[in-house]
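The values are calculated or read from the model by the stated rules, or taken from the named source; none is laboratory data. On a predicted model such as this, the values are computed, not experimentally measured, just so you know. As a convention, Cβ positions derive from the backbone with ideal geometry for all residues, glycine included, and neighbour counts pool all protein chains shown.
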């Protein structure tokens, strides 16, 4: 396997992998910087019709190679169309899907219908575990509850600190016994979903797909939109489609750890939170979500 030594090699790599696209203009998108150069990767729009993903460090290239393998193996709705792919150099070209990220349109959606579409995608993906060959465990993104207990308190109000500790204890208890493993997307936040006219057009970025419990894939939904309605609709339709009842407590335990982990690394790195608010405000939001779902994690 060979990967790019630097982003400036993209045009040359594209001529090698997809010669028919080489003469189109290339508009490079902002690089994805996850805080460590070892993860650096990016994408570009080619001729207003195609998206090319590439990586220049080895670890990021391996993740992209994994995504290529996932898209090769899966036969489910809402996948981007693969136009060209290569392991030497590692490059993935897909057809550009018109639309906007879920974050940008969630307030205009019929959330019940949106939940039905997400449930269909998730039920198809989770049900593919026996049809795509050997799979690695998903790289679970939240930091451990021990880290959160030790380091998160300095970023919130004094009266919130005991609550955060009790929440972490609760999440540990809820997740103490692993659930059944399925094939999960692993990073199903709103930026990886493309919507247009109320319809889910594509789910992208399968770099972290692997084995984990189904509830892990819903962990970003409670914070998407002004309420928990998208989560409850998705869970309701998923249960109807699959005949299996997802545990809302497990979803929220993963959500809690995800939200606190994101706020922690951003605060420690001096990076603004995505909505430019504060960790104490995020704790208030979590409290409201638990209340809306009838869950008492204290």
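Scanning region 243-281 for residues that are in a helix (DSSP H, G or I), more than 15 Å from residue 151 (Cβ to Cβ) and under 19 Å from the mean Cα position of the chain (by Cα) yields 248, 250, 251, 252, 253, 254, 255, 256, 258. Screening the candidates 82, 28 for the property of being modelled with pLDDT of 95 or more and either crowded, with 20+ Cβ neighbours inside 10 Å or not assigned by TED's automatic domain parsing to the domain that holds residue 206 (or both) yields one hit, 82. Scanning region 177-208 for residues that are in a strand (DSSP E or B) and closer than 24 Å to residue 137 by Cβ yields a total of 6. Looking across 179, 191, one residue alone is within 19 Å of the chain's Cα centre (by Cα), touching a residue at least 24 places away in the same chain (Cβ under 8 Å) and either on the phi > 0 side of the Ramachandran plot or in the same structural domain as residue 214 (by TED's automatic domain parsing) (or both). It is 191.
In region 223-232, the residue that is surrounded by the fewest Cβ atoms within 10 Å (Cβ to Cβ) out of those that are closer than 23 Å to residue 205 by Cβ and at pLDDT 95 or above is 230.
Of all the numbered requirements in (1) more than 16 Å from residue 213 (Cα to Cα); (2) buried (at least 17 other Cβ atoms within 10 Å of the Cβ); (3) within 19 Å of the chain's Cα centre (by Cα), residue 121 misses one, and that requirement is (1).
Restrict the check to region 195-213 and report whether at least one residue is more than 28 Å from residue 43 (Cβ to Cβ) and in contact with a helix residue (DSSP H, G or I) (Cβ under 9 Å, 6 or more places away or on another chain). Yes.
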